[in-house]
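Working notes, structure below.
The values are calculated or read from the model by the stated rules, or taken from the named source; none is laboratory data. Being a predicted model, the structure only gives us computed values, none of them experimental. When we count neighbours, we look across all protein chains shown, and the Cβ atoms used for this are built from the backbone with ideal geometry, even at glycine.
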Amino acid sequence: MEIVIAVLASFAVVSILAWFLCKNEIKHVSRQMEQELAEKNQSLTRQEGQAKMILSSIDLGVLYYDQKDQLAISNTAAHELLSDIPQDFLQFLDRYGEENSLRSQLFLGKSGADAILREGRNMIYLKVLAVREKQSAADSHIAMLRDVTRQFGEERQRKEFVSNVSHELRTPLTTIKSYSESLIDWGIAEKTPAQIKKDVSKIYDDSILMEKLIDDLYLLSSLDENSINRSLHVEALDFARLIKLIVERMQDQTKPKKIRMTCHVVSQVPPVYADRTQLDRIVVNLISNAIKYGREMGEIQVYVGCLRDEVYVKVKDDGCGISEEDQKHIFERFYRVDDSRSRHNGGRGLGLAIVRELVELHQGTISVSSTLTRGSEFTVMFPSAAKMMRSTLFDLMHNGSDGSRLAEAATRDLEELAHRLGIVAKWASLSEEDKGTLLAKLEQMNKLKATAKSTGE
């Protein structure tokens, strides 16, 4: 009996010890599981935060509808692209997938469907993916959205450009063909010398029109590709003298309409960095337009001056003027204020577009002020050579040169000025004192005139 009691007591003690040990082990395991769960939750939270951050930072709109067709995820870009985002996927299809076959594509069992939406003035590309998750009979859906307005606009512009070019080339070609056929059909022997001269002159005139159009198109292509920047020969020019020479040269073109054209230098005009050929093209185009659309026995005033750190040229006529609506578009390619009038005067809607791009290439601006029946005034402004040199020096001191031909010309003159002052160190190692000396010298406008080259050379 005593032996049994002893065995039972021993068993009890062992059981109690085992229970305590087991309890401690369970607590240990529990703590480990809690720690691991906490770490996994933290990891998931971090991943969720990272995912939300990524979704909010991209410009691609993202919507996620779960297996219950409820909106679970949407990012900022999606809300910016769509005015209204339904909470239910079927409602989403009702709103955005009815007229573009998006709904039918998905219902036919396709895993992906896409369409183009129009939201106000914007064009939105929408792609929807059906996602079948494991052990689930229902699909979830991911919708991705991207703004393609610019791409559509560029494509439209390309089509319009090709159409306009074709039309512009067809017009003189038709004339050339017609008069050539006349000479062939009738024979030179059956026409008088005057008739032959008239036909050949018409063919010649229209061939010149085609040549000018091709030249303009080539120039525009060079501007688009920025290849013209490499061919620019930029130098410091006597701006006022160059404008006066152009006005004198074009006086003969005013005689058929008996237009009086005068040039006024209204202030002291500092030099300007420019390509002589392209600057000539800008001013000639503006004056030519003033002559074309100016009235008989009218007047054209050309003003040259300086406003603070910028030089300007104004071309003012007293012709028919331009409406406010047309003024918004006259610098666009192939835009004509009056189609019939423009064709009669040889206008192709490219001149002012070329002028604007050439002006901007020289870091300048162009503007127009006009009143119907009272005339128009075009104003072109360029940074003076002094302003360009200061800007270039600042860039060299802080950011580095922008690589333009204007900056290169300014840098050459800065280096020449630095050598005159006894500063021979490289730009990167210039002392603050040397930089200050250069800036002080640049403020002396009269000193800059010595570096400008005369247009009469």
Exercise. Starting from residues that are in a loop (DSSP other than H, G, I, E, B) and touching a Gly at 6+ places or on another chain (Cβ under 9 Å), keep the ones in the stretch 290-309 and report whichever is farthest from ASP215 (Cα to Cα).
Key: GLY298
Exercise. Output yes when any residue across the stretch 343-357 is modelled with pLDDT of 70 or more, of a type in the set (D, E, K, R) and under 30 Å from LEU286 (Cβ atoms), and no when none is.
Key: yes
Practice problem: Would you confirm whether any residue within the stretch 384-391 is surrounded by 15 or more Cβ atoms within 10 Å (Cβ to Cβ) and at pLDDT 90 or above? | Solution: yes
Practice problem: Working only within the stretch 98-120, note down all residues that are of a type outside the set (A, V, I, L, M, F, W, C) and at pLDDT below 80. | Solution: GLU98, GLU99, ASN100, SER101, ARG103, SER104, GLN105, GLY109, LYS110, SER111, GLY112, GLY120
Quiz prompt | The one condition in (1) over 34 Å from the mean Cα position of the chain (by Cα); (2) modelled with pLDDT of 65 or more; (3) surrounded by fewer than 18 Cβ atoms within 10 Å (Cβ to Cβ) that THR365 fails to fulfil | solution = (1)
Quiz prompt | Residue that is modelled with the highest pLDDT, among those in the stretch 134-146 that are of a type in the set (D, E, K, R) and within 22 Å of GLN91 (Cα to Cα) | solution = ARG146
Quiz prompt | helices (runs of 4 or more DSSP H) within the stretch 193-289 that include 3 or more residues over 30 Å from ARG390 (Cβ atoms) and of a type in the set (A, V, I, L, M, F, W, C) | solution = 193-225
Quiz item: Can you find a residue in the stretch 248-255 that is in contact with a helix residue (DSSP H, G or I) (Cβ under 9 Å, 6 or more places away or on another chain) and touching a residue at least 60 places away in the same chain (Cβ under 8 Å)?
Solution: no
Self-check item: Considering residues of the stretch 82-115 that are among the small types (Gly, Ala, Ser) and not in a loop (DSSP other than H, G, I, E, B) only, the residue nearest to ASP59 (Cα to Cα)
Solution: ALA115
